[in-house]
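Working notes for the structure below.
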Amino acid sequence: MKSDFFSVKELVCKHVYDRYGEGAAMFLDDKLIATLNTIREKILCAPMTVNNWHLGGSFTQRGLRCNLCALVKSKTDIGRLYLSAHLLGKAVDCNVEGMTAEEARRRIIEAQELLPHPIRLEDGVSWLHIDVYNNGKGKKVYRFKA
Ligand SMILES: [Zn+2]
Ligand SMILES: [Zn+2]
């Protein structure tokens, strides 16, 4: 599934993009892309930044993460289970232009009937984490703490 708003580069780590290029789109869940498109176009209506490594920035692990990504390796190295939705192409972290993450979460919750799929939002963090794991609560939006 393609997005008019988000490039593949922005949604995967550099490790994955270097190996698969645009083909890395296959690792991204269609439900995530549909959700991001709706949030960007119909709910927040503002630019959202996920990774920016391709623009010279330092963010590389805000979309799909692979086993070579530092965040993932750090968990593996100490023997910890790590099943983040970022590993399965089902999550992004982002900043939204002109609003705080908390304000973005509030707006998404207010407009939740527009969402094409149930989502989870991470609570209490300064970035907007959105994922499409089944929240199991029968709710359109489920807030969780990592
Ligand atoms: Zn990686
Ligand atoms: Zn996240």
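Here are the numbers for the structure shown:
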| read-out | value |
| --- | --- |
| Charge context of LYS137, other residues only, Cβ under 11 angstrom, K/R +1, D/E -1 | +4 |
| Those trypsin sites (Lys or Arg not before Pro) in the range 10-98 that DSSP places in a loop and that have at most 14 other beta carbons within 10 Å | ARG80 |
| 22 Å Cα cut-off, lysine pairs counted over the range 8-144 (separation 8 or more, or different chains) | 19 |
| Simple label model, 7 Å out from Cα along Cβ direction - ILE109 to PHE5, nm | 2.0 |
| With eigenvalues of the C-alpha gyration tensor scaled by 5 and rooted, the range 8-144, Å | 24, 17, 14 |
| Point-charge dipole on Cβ atoms (K/R +1, D/E -1) for the chain, about Cα centre, debye to 20 | 440 |
| Within the chain, percent of DSSP bridges classed antiparallel, to nearest 5 | 65 |
| Viscosity 0.890 mPa s, 25 °C: Kirkwood-radius Stokes-Einstein D of the range 1-50 over Cα pairs, µm²/s | 217 |
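Just so you know, all these numbers are worked out from the coordinates, no wet-lab data involved. Here the structure is a predicted model, which means the values were calculated and not measured. In this analysis, Cβ positions are derived from the backbone assuming ideal geometry, glycine residues included, and neighbour counts consider all displayed protein chains.
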